[in-house]
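What follows is calculated from the coordinates using simple rules that are stated; it is not laboratory data. Owing to the predicted nature of the structure, the values given are computational and were not obtained by experimental measurement. Neighbour counts are summed over all protein chains in view; Cβ atoms, including those assigned to glycine, are modelled from backbone coordinates with ideal geometry.
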């Protein structure tokens, strides 16, 4: 990680309504335990029923519900929120839709995403969550991992910032692969966010 700054840096997390929130909570705990000057100023969810949304409320992380059935309206509210909160970065934490080029341009801040595999092989459209691990398992791959990338203006998969592999040769199911990869995600996502903030 780069050198720290005393200025509080403000981030927004963005999750779908079905998110369990493990990466989001791991990010929050990392910054709290390391006493780093980074604050989640708003955890955005597409549905209030999310388990992660309830976890955020228990931790006093400010939340905001923005339905994503109408993506144009969703993006307009996200842009307004990011600007009003003076956010420096958005971290996707289980967000299952693609942000448009217009949205990314209007945000004017980095948007990071974490993918539960080694891109680009398992980065196709609709390859989210367990589908990725099922595809890795079906292919008989011996390695999987996690990839953190800066979301670009063309497609969800932009410049790779961090990538870490994990041996899954002894995993007997997609669920076992998922657990092993998730541990890697928790390890690398928050430090990558912090390093990206230090580059701003």
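Helical runs assigned H by DSSP (4 residues or longer) give the chain a calculated mean residue ellipticity at 222 nm of -12000 deg cm²/dmol, each run adding -39500 (n - 2.57) before division by the residue total. Label zone (residue 131, point 7 Å along Cα-to-C-beta; backbone nitrogen cut-off 15 Å) within the range 171-188: none. For the options 115, 35, 83, a Gaussian network treatment of the chain with springs between C-alpha atoms closer than 10 Å singles out 35 as fluctuating the most.
Peptides 143-152, 9-18 ordered by packing proxy, namely the average of other Cβ atoms within 10 Å per residue, highest first: 9-18, 143-152.
Projected over every direction and averaged, the convex hull enclosing the alpha-carbon atoms of the chain yields 10.7 nm². Length, then width, then depth: along the principal axes, the Cα atoms of the range 156-200 run 42, 19, 15 Å.
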